[in-house]
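We did not get these values from a lab; they are worked out from the coordinates using the rules stated. Treat the numbers as computed from the prediction; the structure is a model and nothing was measured. Don't worry about glycine lacking a Cβ; one is built from the backbone with ideal geometry, like all the others, and counts go over all protein chains shown.
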Amino acid sequence: MRRSILPVFAHRLAILCYIVFALFPLFWLLKVSLTPNDLLYSEGVRMWPSRTTFEHYAFVLQHSAFPVFFKNSVIVSGSTAIAVTIIASLSGYALSRFTFRTKYWIVGLMLLTQMFPLVMLVAPIFKILTPLGLTNSLTGLVVVYTAFNVPFATFLMQSFFDGIPKDLEKAAMIDGATRFIAFRQIILPLTLPGIAATLGFVFTAAWSELLFALMLINGNNAATFPVGLLTFVSKFSVDFGQMMAAGVMALIPAALFFLLIQRYLVQGLTAGAVKG
Amino acid sequence: MASITIDNLAKSYGTYSVLQGVNLEIKDGEFIVLVGPSGCGKSTLLRMIAGLEEVTSGEIRIDASRVNERHPKDRDIAMVFQSYALYPHMSVARNMSYSMRLRKASKEKIEAAIAGAASKLGLEPYLERRPKALSGGQRQRVAMGRAIVRQPKAFLFDEPLSNLDARLREQMRAEIKKMHGDLKATSIYVTHDQIEAMTLADRIVAMHGGLVQQVGSPLELYDRPANLFVAGFIGSPGMNFFEGTRHSDGVRLADGTLLKVQLPPGADDEQGITVGIRPEHVELSAEGVGATVDLVEPTGFGIILHLSLNGVDLKVFTSDRAFLTPGQQVSVSFPTHHLHFFDAGGNRILR
Ligand SMILES: Nc1ncnc2c1ncn2[C@@H]1O[C@H](COP(=O)(O)OP(=O)(O)OP(=O)(O)O)[C@@H](O)[C@H]1O
Ligand SMILES: [Mg+2]
């Protein structure tokens, strides 16, 4: 059978358009970060500067507090991702497998927490954290981010657990496992795609969170990277070159992270094949 | 091996009662088959014995000791699920040895057990494969293998063959029977398949409406069903029933015919009565009652005839390949020693 080339072509073109659309801001980020300061305003809008330089990168690494921000962000996002994923696996499993009297209310409450604009919560949270000594500290940020991300991550994990037949852990229990061992040895390994998705989701959310990082932290020591970016904005000008260079470097861990978990994410999309 | 006693066992989900007082004595080494219509609580009963479902009231005893509160892992019972429930991330060998590894059995012991089960079930070539790379029949064997490696006190089977095609089912049925002959393990087996029930069981337990209707050997249930439910449920094609009333010297059927039979005295005249006869016991004979052929179903082994007898439907099974077509007239007779009688309450009337 001869298949017309046209639909294939249109399909590819659509994908191409989408990719260009999605990646263009990143390209611009990269372009500006490599443009020397003297060319940034003098050359007009060009796809690529006539001369490139790494001086912004060198400056950011050597003369700014960027390495500290970076380290703080890795600590905060990594801890949040791990804490949320552990809590959400346990609570998601409970929601998926057990019926208990307060289940309805707990689910309702968790949904409710997702309805408030975060801005409304800044003041009360600040008030709660101050006497605990958790303002201006990375721990405080981890606690707040974890609290905000657990409900959604719980629902996410629950949907993955729902996809795993209950007979599997029943078989494991009959084989001699306690419920916890069945959870750890049988159910969790099958939920790896879900865990990877949750880790990735929470990590990126925490990585780019600005509002609370800005409100709860002052001073550079505990600032995360989104807050740090703002230090490139001074009263009279914005140092775009350095800001973009920092931005490009901030993309690296997120990209690496997704590269690491992408195997499991792809598995997640084809999870049907897992069923025994 | 072990005996299992089920004493007045009841189960309800909220206000919905699934089992209401089941009593059953299972002897050591016996093969029990549970049958009953969908939703009558067979799986529920099995899961309660395994410890996967809480007991509402009553008692389950394994070897005379109460196990109601015992965790499934401590009951030492193996179960084969209808879905097989193989662990997708483990190889066949690891699937089968999981229970032994949990019990920290020695490496040599585990290997010997796997080798034994694999050779018994013909699984040697697949030991390193994952379940998803196996056919349905092979997965079913792995599920069996997982149950037999650990030599449990009892086996529970929940419709283990229902996902297989007819040929494979027949083959596995024979293997299960052979295996039971070898291992002599106490087994409880749930099935919808009449032939599986008849061929495998030492005793069949017929369940309906959350109650045990009859317990007995396959032929006992077939020849002397205790009530209308069992009579209609066991046997395929199912038994024919006719409504009638008791009469001084027999039963008067709804269409006016008088069946001359001796029934035990005692019950009053004019009491409602149901007469049953199995399709293979109806005789096509030269003299008898006239009936019209509605439908002819050849099965290869014989023919199922759907007849209309004075407006009442009647099924007849005959191994005679007589050439019959719908619309034709035949005459049928009912040998009285093959008739079953049930009183107004549906219970068998002994003769
Ligand atoms: N968790 C539950 N909550 C409420 N009702 C339930 C639950 N599990 C089972 N039931 C009900 O209990 C009854 C018995 O179910 P069970 O699975 O034991 O039937 P079964 O005899 O095995 O049927 P089948 O032959 O179709 O497998 C059904 O009516 C079912 O709807
Ligand atoms: Mg069932």
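Using a cut-off of 17 Å between alpha-carbon atoms, which lysines can reach residue B:109, once sequence neighbours fewer than 8 places away in the same chain are excluded?
The qualifying lysines are B:120.
Can you give the local net charge around residue B:115? Use residues other than it whose beta-carbon is closer than 12 angstrom to its beta-carbon, Lys and Arg +1, Asp and Glu -1.
Taking every other residue near residue B:115 into account, the sum is -1.
Identify all lysines with a Cα-Cα distance to residue A:170 below 16 Å; exclude those on the same chain that are fewer than 8 residues away in sequence.
Here the lysines satisfying the reach criterion relative to residue A:170 are A:275, B:73.
What does a probe at residue A:251 reach in segment A:28-51, counting residues whose amide N is under 16 Å from the point 7 Å along Cα→Cβ?
A:28-35, A:47-49
May I ask you to list the GluC sites (Glu not before Pro) in segment B:87-176 that are in a DSSP loop and have at most 15 other Cβ atoms within 10 Å of their Cβ? Don't jump to the answer; show the numbers that get you there.
On the way: sites: B:108, B:111, B:128, B:170, B:175; in loops: B:128.
In loop regions of segment B:87-176 (DSSP not H, G, I, E or B), the sparsely surrounded GluC sites (Glu not before Pro) are B:128.
Counting partner chain Cβ atoms within 10 Å of every residue's Cβ in B:127-135, what's the average? Spell out each step's value before the answer.
Working: counts 0, 0, 0, 2, 3, 4, 0, 1, 0.
Per-residue shielding by partner chains comes out at 1.
Using the basic label-point model (7 angstrom from Cα toward the beta carbon), what is the residue B:258 to residue A:104 distance in nanometres?
My value for the distance between the label points is 6.5 nm.
Could you calculate the FRET efficiency of residue B:220 with residue B:104 from 1/(1 + (r/R0)^6), where r is the beta carbon distance between them and R0 is 35 Å, rounded to 0.05? Before the final figure, lay out each step's value.
Numbers: r = 46 Å, r/R0 = 1.30.
The computed FRET efficiency comes out at 0.15.
Round to the nearest 0.05 the FRET efficiency obtained for residue A:13 and residue A:71 when R0 = 56 Å and r is the Cβ-Cβ distance. Display every interim value, and only then the final one.
Values: r = 43 Å, r/R0 = 0.77.
So the FRET efficiency works out to roughly 0.85.
Averaged over A:185-192, how many beta carbons belonging to a partner chain fall within 10 Å of each residue's beta carbon?
Numbers: counts 6, 6, 1, 1, 4, 3, 0, 1.
Across A:185-192, the average partner-chain Cβ count within 10 Å equals 3.
Evaluate E = 1/(1 + (r/R0)^6) for residue A:130 and residue A:211, where r is the Cβ-Cβ distance and R0 equals 25 Å; express this FRET efficiency to the nearest 0.05. Don't skip to the answer; put the middle values down first.
Details: r = 17 Å, r/R0 = 0.69.
Working from the Cβ atoms, E equals 0.90.
Looking at segment B:217-316, which chymotrypsin sites (Phe, Trp or Tyr not before Pro) are DSSP coil and have at most 11 other C-beta atoms within 10 Å of their C-beta? Working shown, then result.
Details: sites: B:222, B:229, B:233, B:241, B:242, B:301; in loops: B:301.
Answer by residue number: B:301.
Can you compute the modelled spin-label distance between residue A:139 and residue B:64, with each label point 7 Å from Cα toward Cβ, in nm?
In this crude label model, residue A:139 to residue B:64 measures out at 6.1 nm.
Listed here are the pairs A:166/B:178; B:42/B:153; B:153/B:177; B:27/B:107; which of them are more than 26 Å apart at the Cα? If you can, show how the numbers build up before the last one.
On the way: A:166/B:178 31 Å; B:42/B:153 20 Å; B:153/B:177 18 Å; B:27/B:107 34 Å.
Flagged as over cut-off: A:166/B:178; B:27/B:107.
Taking Cα pairs under 8 Å and at least six residues apart, what relative contact order does segment B:4-233 come out at, in percent? Write out the running numbers ahead of the final one.
On the way: 403 pairs, mean separation 64.4, N = 230.
Taking the mean separation of contacting Cα pairs over the length of segment B:4-233, I get 28 percent.
Once fully extended, how much extra length lies between residue B:15 and residue B:331, figured as 0.36 nm per residue of separation less the alpha-carbon to alpha-carbon distance?
Values: separation 316, 0.36 × 316 = 113.76 nm, distance 5.21 nm.
Length gained, residue B:15 through residue B:331: 108.6 nm.
Can you tell which of A:93, A:145, A:104 shows the greatest fluctuation in a Gaussian network model of chain A with Cα springs below 10 Å?
A:104
Mind giving me the nanometre distance, one decimal, between the label points for residue A:82 and residue B:292, set 7 Å out from Cα along Cα→Cβ?
If labels sit at residue A:82 and residue B:292, their model points lie 8.3 nm apart.
Which helices count as membrane-span-like in chain A under these terms: full DSSP H, at least 30 Å along the axis by C-alpha, Kyte-Doolittle mean of 0.0 or more? Display every interim value, and only then the final one.
Numbers: long enough: A:5-34 (40 Å, 1.93); A:66-97 (45 Å, 1.13); A:138-162 (34 Å, 1.24); A:240-269 (40 Å, 1.47).
Membrane-span-like by this rule: A:5-34, A:66-97, A:138-162, A:240-269.
By how many degrees, between 0 and 90 and to the nearest 10, does the Cα long axis of helix B:136-148 differ from the longest principal axis of chain B?
With rounding to tens, the tilt is 70 degrees.
Using only alpha carbon pairs under 8 Å that are at least six residues apart, calculate the relative contact order of chain A and give it in whole percent. Please report the intermediate quantities before stating the final value.
Working: 257 pairs, mean separation 84.1, N = 276.
Relative contact order for chain A comes out at 30 percent.
For helix B:107-121, what angle does its Cα long axis make with the longest principal axis of chain B, in degrees from 0 to 90 and rounded to 10?
For B:107-121 against chain B, the angle is about 30 degrees.
Counting other Cβ atoms within 10 Å, keep those with at most 15, restrict to DSSP loop, and tell me which trypsin sites (Lys or Arg not before Pro) in segment A:1-70 are left.
Values: sites: A:2, A:3, A:12, A:31, A:46, A:51; in loops: A:2, A:3, A:46, A:51.
Within segment A:1-70, the qualifying trypsin sites (Lys or Arg not before Pro) (loop, at most 15 other Cβ atoms within 10 Å) are A:2, A:3, A:46, A:51.
Just report the Cα centroid separation between segment A:96-132 and segment A:147-198, whole Å.
Spelled out, the Cα-based centre of one part sits 23 Å from the other.
For B:87, A:264, B:16, what ranking results if the residue with the fewest other Cβ atoms within 10 Å of its Cβ goes first? Working shown, then result.
Numbers: B:87 24, A:264 17, B:16 7.
Sorted ascending by nearby Cβ count, the order is B:16, A:264, B:87.
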